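Visitor: Please find one structure pasted underneath; my questions will follow.
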Amino acid sequence: MLQKATFRAHPDIALVKYWGKKDEVLRLPINGSISLVLDALETVTTVAFDPSLTSDQVMIDGELEVGEQSRVLQHLDRIRHRALERGVLSQPCYARVVSVNNFPKSTGLSSSSSGFAALTLAANRALGLELSDRELSILARQGSGSACRCIFGGVVEWLDGDTSETSYAVPLDMPKIAKIRDIVTIVSQDRKQLSSTAGHNLAPSSPFFAARQELLPQKIVLLKQALQVGDFTAIGELAEAEALEFHSILLTSKPNALLLYPGTVAVLHAVRRLREQGVVAYCSMNTGFNAHVLTLPEHEAQVIATLTTLPEVQKVIPSGLSKGPGELQQHLF
Ligand code: PMV
C-alpha cells in the first residue's frame, strides 16, 4: 500500500453564485463567483491507493459509492491518470476512500464542494503528486465546480477562465470581514430534488438567464468593493438579492425547480423582521432548502434566538470563516 492521507475541508456559501457552465466536461463556469468558506461545517476524507485492490472502495457517510455514474469514482480515475502521466504511479492502482461529513449532505449545504476538495487534497498527498494550490484547484473543479474554491479558506474568488488551465480559485485577502458569521439553518434533511450538476444544464432555459449574465460582472465588482471596506449592509443586500435571483432562475427554468421549502421562506421573512429592528441579518441559499443567515458577532445571539423559535427550524450551526483545509494525522481506517 502507498501512503495513506487524511484531509479536512470545509464547504462554502457563494455570495455571487456559479450557475451554468460553458464547458460541461471540464466544468468551466459561465461566470466567475465569490464565496465564503465556513469553518463549522466539514468533510474529513482518508485516501489510500492499494495495489492489492481489484476496484475502488468508496464509502461516504457509511454508504458505499458504486456505478460508472459516480462522480467520486470518475474523480479517482482523473487523479490516477494524472499520477500515471507524472510517473508517480507505474501502473493503475485502485484506492480505498472513506469520507464523513459533520452536516447533512444533498440538502443544499454544498457537501460536494468540501467533499471533492478533501478527496483531491488527500489523493494528492497519498500519491505524492505534489500539485500546487492552483493545480489542486483546477483538479478539484473537475470533480465539482465549487470544490475549486474550497481548496482555500476565508473569502475566495473563482476566476471563470476560458480553458481548464485558467479556471481556478484564488483566496481574497479581506481582513475587514474576518469576523462575519454565518448561521447555517437546517429546515429539513430531505434529499434535495435537483442535483447542482443537472441544474447547471437547465439554467440557460430560463428567460432571465441572459439578463443575469449581463449584470454579473458589475455585481462582482460591487461585492469585492463591499468586502474590501467591510460594508456588511452592502454585502448582505448583494448576497440575499443574488440568492433570490438564483432561485428565480431555478423557478423559471424548463422544467422549473421549486427547491425552497416553507421553512426556507420562514427564514427569509424572519431576517426581514430582524432588519426592521436594526439587526444585520441576510439570507442566502444554494441548490436546496437549507439556509445561511449572514450576520455579525454582536447580533449573532439575537439572530440565533429568532431562528430557533421558528417551528420550521430543526437546528442552527453557527459558523465563521475557515482558515482553509488541513491535513490530519488520524485516519478514518
Ligand atoms: O459546484 P456545484 O456543481 O455543486 O454547483 C454549485 C452551485 C451553487 O451552490 C448554487 C452556487 C455556487 O457557486 O456554489
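Visitor: Can you tell me the length gained on complete extension of the stretch T197 to Q277, counting 0.36 nm per residue apart and subtracting the Cα distance? Numbers along the way, then the final one.
Guide: On the way: separation 80, 0.36 × 80 = 28.80 nm, distance 3.89 nm.
Answer, rounded to one decimal: 24.9 nm.
Visitor: Going by Cα centres, the stretch 115-163 and the stretch 206-244 are how many Å apart?
Guide: Cα centres, the stretch 115-163 to the stretch 206-244: 24 Å.
Visitor: Using only alpha carbons, build the gyration tensor for the stretch 124-267 and give me the equivalent ellipsoid semi-axes, biggest first, whole Å. Walk me through the intermediate numbers first.
Guide: Details: eigenvalues 139, 93, 63 Å².
Largest first, the stretch 124-267 gives 26, 22, 18 Å.
Visitor: Additional query: Which net charge results for the neighbourhood of Q277, defined as the other residues with beta-carbon distances under 15 angstrom from its beta-carbon, given Lys and Arg at +1 and Asp and Glu at -1?
Guide: On the way: positive: R272, R273, R275; negative: E276, E298, E300.
Around Q277, the charge tally is 0.
Visitor: Around V58, which amide H atoms from residues at least 5 apart in sequence, or from another chain, sit under 5 Å from its own amide H, with H modelled in the peptide plane?
Guide: Hits under the 5 Å cutoff: E65, V97.
Visitor: Hey, another quick one. Give the separation of the Cα centroids, the stretch 271-301 to the stretch 73-114, in Å.
Guide: If we compute the Cα centre of each part, the gap is 34 Å.
Visitor: Please report the relative contact order for the chain, taking Cα pairs under 8 Å with a sequence separation of at least 6, and give it as a percent rounded to a whole number.
Guide: Values: 753 pairs, mean separation 85.1, N = 333.
RCO, the chain: 26 percent.
Visitor: Filter the DSSP H helices in the chain by two things, a Kyte-Doolittle mean of at least -0.5 and an axial alpha-carbon span of 20 angstrom or more, and list the hits by number. Numbers along the way, then the final one.
Guide: Numbers: long enough: 71-86 (22 Å, -1.09); 111-127 (24 Å, 0.64); 209-229 (30 Å, 0.41); 232-252 (30 Å, 0.82); 262-276 (21 Å, 0.06).
In the chain, the long hydrophobic H runs are 111-127, 209-229, 232-252, 262-276.
Visitor: Given springs between every Cα pair under 10 Å in a Gaussian network model of the chain, which of S35, S70, S106 has the largest fluctuation?
Guide: S70
Visitor: Could I ask something else about it? Separation between the E130 and Q329 pseudo-spin-labels, each 7 Å from Cα along Cα→Cβ, expressed in nm?
Guide: If labels sit at E130 and Q329, their model points lie 2.3 nm apart.
Visitor: Next question, about the same structure. Taking only DSSP H segments of four or more residues, each worth -39500 (n - 2.57), what value at 222 nm results for the chain once the sum is divided by all its residues, to the nearest 500 deg cm²/dmol? Could the numbers behind the result be given before it?
Guide: Values: 8 runs with 121 residues, N = 333.
The helix-only estimate for the chain comes to -12000 deg cm²/dmol at 222 nm.
Visitor: Peptides 263-272, 85-94, 168-177: what's the order by average Cβ count within 10 Å, highest mean first? Walk me through the numbers before you get to the answer.
Guide: Working: 263-272: 19.2, 85-94: 12.6, 168-177: 17.6.
Output ranking for 263-272, 85-94, 168-177: 263-272, 168-177, 85-94.
Visitor: Taking the Cβ-Cβ separation of T54 and L310 as r and a Förster radius of 45 Å, what is the calculated FRET efficiency to the nearest 0.05? Before the final figure, lay out each step's value.
Guide: Details: r = 50 Å, r/R0 = 1.12.
My answer for the efficiency is 0.35.
Visitor: Contour minus end-to-end for E68 and L258, with contour as 0.36 nm per residue of separation and end-to-end as the Cα-Cα distance? Let's see the in-between values first.
Guide: Numbers: separation 190, 0.36 × 190 = 68.40 nm, distance 2.88 nm.
Between E68 and L258, full extension yields 65.5 nm more.
The numbers here are math on the coordinates, done by the rules we state, and not lab data. Only a predicted model underlies this, so the values are computations on that prediction, with no experimental measurement involved. As a convention, Cβ positions derive from the backbone with ideal geometry for all residues, glycine included, and neighbour counts pool all protein chains shown.
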